[in-house]
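Visitor: There's a structure below that I have some questions on.
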Amino acid sequence: MKIIGLTGPSGAGKSTLCEKFEDWDIPCINTDEIYHDITSKPSPCLDELCEKFGPSIINENGALDRVALAKIVFEGENKEKNLANLNVTTHKYVWEETNRILTKYMDEGKVAAVIDAPALFSSKIFIGACDFIISVLCDKETRIERIMKRDNISREKALARINAQPSDEFFIENSDYYITNCGTKNEMNEKLLSIFEEEEIHI
């Protein structure tokens, strides 16, 4: 089974590619959803985050207050250090669940599976697990609009998130392939199929 790493900056449109992968019976593991699940209730991951970022990131229900954490990570002082601390803490817990799901897909005989991980390049574990990596890119203005709509936040906060992430050049240089998700779906599909041909993935 080929393991495909899928990454890219916030708002680039990774979910569109995941829909196409699923259409081709290639399952996608959404690491954001795993992260959401393990921080929506008391857990070892949440305990460690609380130790690093303080009790203000825990809401009255004992779950992660994502708005409070985002403010610290993306808007506070030492943004780069805080983001690195967040990734180091969460990745090991997210990987445990991701690996369990990958094993399940392998046992089911899937030809490939996708790890959808926005912060893929900040984790050696995830990079090492992938046979190849695809980055999804898009122009800044489209990304701002997508983030504002998706997360119901202001333009200023959406821009702060974008500015806290690596550049397009970084993703291109560190990926095996990249796809620009600002054109037509047919163009995207053709690019994916050419990648599959090169990687000998038969759907």
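Where a number appears in this text, it was derived from the coordinates with a stated rule and is not lab data. Because the structure is a prediction, the values reported are computed rather than measured. For neighbour counting, all protein chains shown are included, and Cβ atoms are generated from backbone atoms with ideal geometry for every residue, glycine included.
Visitor: Of the listed pairs LYS71/LYS92; LYS20/LYS81; LYS20/LYS79; LYS20/LYS71; LYS92/LYS191, which have alpha-carbon separations greater than 30 Å here?
Guide: Pairs exceeding 30 Å: LYS20/LYS81; LYS20/LYS79; LYS20/LYS71; LYS92/LYS191.
Visitor: Still on this structure, I have one more. As a footprinting exposure proxy, order TYR177, TYR93 by other Cβ within 10 Å, with the fewest listed first.
Guide: Numbers: TYR177 16, TYR93 19.
The order, fewest Cβ neighbours first, is TYR177, TYR93.
Visitor: Give the aspartates and glutamates reachable from LYS149 as a straight Cα distance under 17 Å; neighbours fewer than 8 places away on the same chain don't count.
Guide: Of all the aspartates and glutamates, those that pass the test against LYS149 - Cα under 17 Å, at least 8 places apart if same chain - are ASP139, GLU141.
Visitor: Please check the chain for the longest run free of GluC sites (Glu not before Pro) that are loop-located per DSSP (anything but H, G, I, E, B) and have at most 15 other Cβ atoms within 10 Å.
Guide: In short, 109-199.
Visitor: Turning to a different aspect of this structure: Please arrange THR103, THR39, THR7 by counting, for each residue, the other beta carbons lying within 10 Å of its beta carbon, fewest first.
Guide: Values: THR103 11, THR39 22, THR7 27.
The most exposed by this proxy come first: THR103, THR39, THR7.
Visitor: Determine the percent antiparallel among the DSSP beta bridges restricted to the chain, to the nearest 5.
Guide: DSSP beta bridges in the chain are roughly 5 percent antiparallel.
Visitor: Give me ASP131, ASP151, ASP116 ranked fewest to most by other Cβ atoms within 10 Å of their Cβ, as a rough exposure proxy.
Guide: Arranged by neighbour count, lowest to highest, ASP131, ASP151, ASP116 become ASP131, ASP151, ASP116.
Visitor: Given an 8 Å cut-off on Cα distances and at least 6 residues of separation, report the relative contact order of segment 2-198 as a percent.
Guide: Taking the mean separation of contacting Cα pairs over the length of segment 2-198, I get 36 percent.
Visitor: Based solely on its DSSP helices, what 222 nm [θ] is calculated for the chain when runs of n ≥ 4 H residues each add -39,500 (n - 2.57) and the sum is averaged over all residues, nearest 500 deg cm²/dmol?
Guide: Working: 10 runs with 111 residues, N = 203.
Computed mean residue ellipticity for the chain: -16500 deg cm²/dmol.
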